[in-house]
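Working notes for the structure below.
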Amino acid sequence: MAEIDRLRRAEGIVFLLCFAGSIPLANWLIGDVGTTCVPNGPCLIPVAPGLVAPSGVLAVGLALVLRDLVQRRLGLRWAFAAIAIGALLSASFAPPALVAASTAAFLLSEIADLAVYTPLQRRGFVRAAVASSIVGLVIDSIVFLTLAFGSLDFLVGQIVGKAWMVAAALPALAWLRERDRRLGLLPA
């Protein structure tokens, strides 16, 4: 049992570090990486035919899943700590014009993600992670775009781009669920 606890904690720390790293990554992407960079606005990437979104959507979609993994491995207290750390990182790494939008969107979306994931996780890990991520990504998109740009012009692209990242994580989540069952590695 001690070995399983060590494995759970070690994985939780890795997920926490990846989660924390996704926040400055999202802020860097939005300002520096894209097929088009709007003057005084975000860098954009295509997320579907004829649909673009600020490039930070890639890291934000992943962050929502990673927060769920932190909670699965380390527990609810660590999930709250991760959100607090993430908000500080978001405020620290966001471009000055986007600090308030980035921080508010991060806090509200991650709290919503936690509020949905926590009760659903008992009914199924993958289902809970997907449902909570969808709620989180919609809230993140609406809050960020409204506060940062005063417009929801990129809303559909934001939602689609983040949803792609959640979908990309599904095979890893399913594998993790099965491995956890096989090893008796229960969530914290």
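Rule-based calculations on the coordinates, nothing more; no lab input. The model shown is predicted, which means the values in this text are computed figures rather than measured ones. Here the Cβ positions follow ideal geometry from the backbone for every residue, glycine too, while neighbour counts run over all protein chains shown.
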* Label points 7 Å out from Cα along the Cβ direction at L17 and A97: separation in nm? -> 3.5
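So what is the orientation-averaged projected area of segment 2-183, using the convex hull of its C-alpha atoms, in nm²?
Here the figure is 9.8 nm², rounded to one decimal.
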* Add +1 for every Lys or Arg and -1 for every Asp or Glu among the other residues with Cβ under 14 Å from the Cβ of I30, and state the total. => -1
* Structure fact -> The answer for G56, listing residues at least 5 apart or on another chain whose modeled amide H is closer than 5 Å to its amide H, is I30
* Asked: For the residue pair R77 and V38, what label-to-label distance in nm results when each label sits 7 Å from Cα along the Cα-to-beta-carbon direction?
  -> 4.3
* Asked: Using modelled backbone amide H atoms (1.01 Å from N, in-plane), which distant-in-sequence or interchain residues come within less than 5 Å of C37's amide H?
  -> L44
* **0 to 90° range, to nearest 10: angle between helix 125-149 axis and the chain longest Cα axis** => 20
* Asked: Mind checking the dipole of the chain: about its Cα centre, +1 per Lys or Arg Cβ, -1 per Asp or Glu Cβ, Debye to the nearest 20?
  -> 760
* Structure fact -> If each K or R counts +1 and each D or E counts -1, the residues other than G136 whose Cβ falls under 13 Å of its Cβ total -2
* Against the longest principal axis of the chain, how steep is helix 155-183, in degrees 0 to 90 to the nearest 10, with axes from Cα atoms? -> 10
* Asked: Under 19 Å from a point 7 Å along the Cα-to-Cβ line of R181: which residues of segment 103-124 have their amide N that close?
  -> 120-124
* To do: With a 10 Å radius around each residue's Cβ, average the other Cβ atoms per peptide and rank 130-139, 67-76, 6-15, highest first.
  => 67-76, 130-139, 6-15
* Take the alpha-carbon centre of segment 148-173, take the same for segment 1-55, and report the distance between them in whole Å. => 11
* **Degrees, to the nearest 10: 99-120 long Cα axis against longest axis of the chain** => 30
* To do: Starting from the Cα of A172, step 7 Å along the direction of its Cβ; do the same at T146; then give the gap between the two resulting points in nm.
  => 3.1
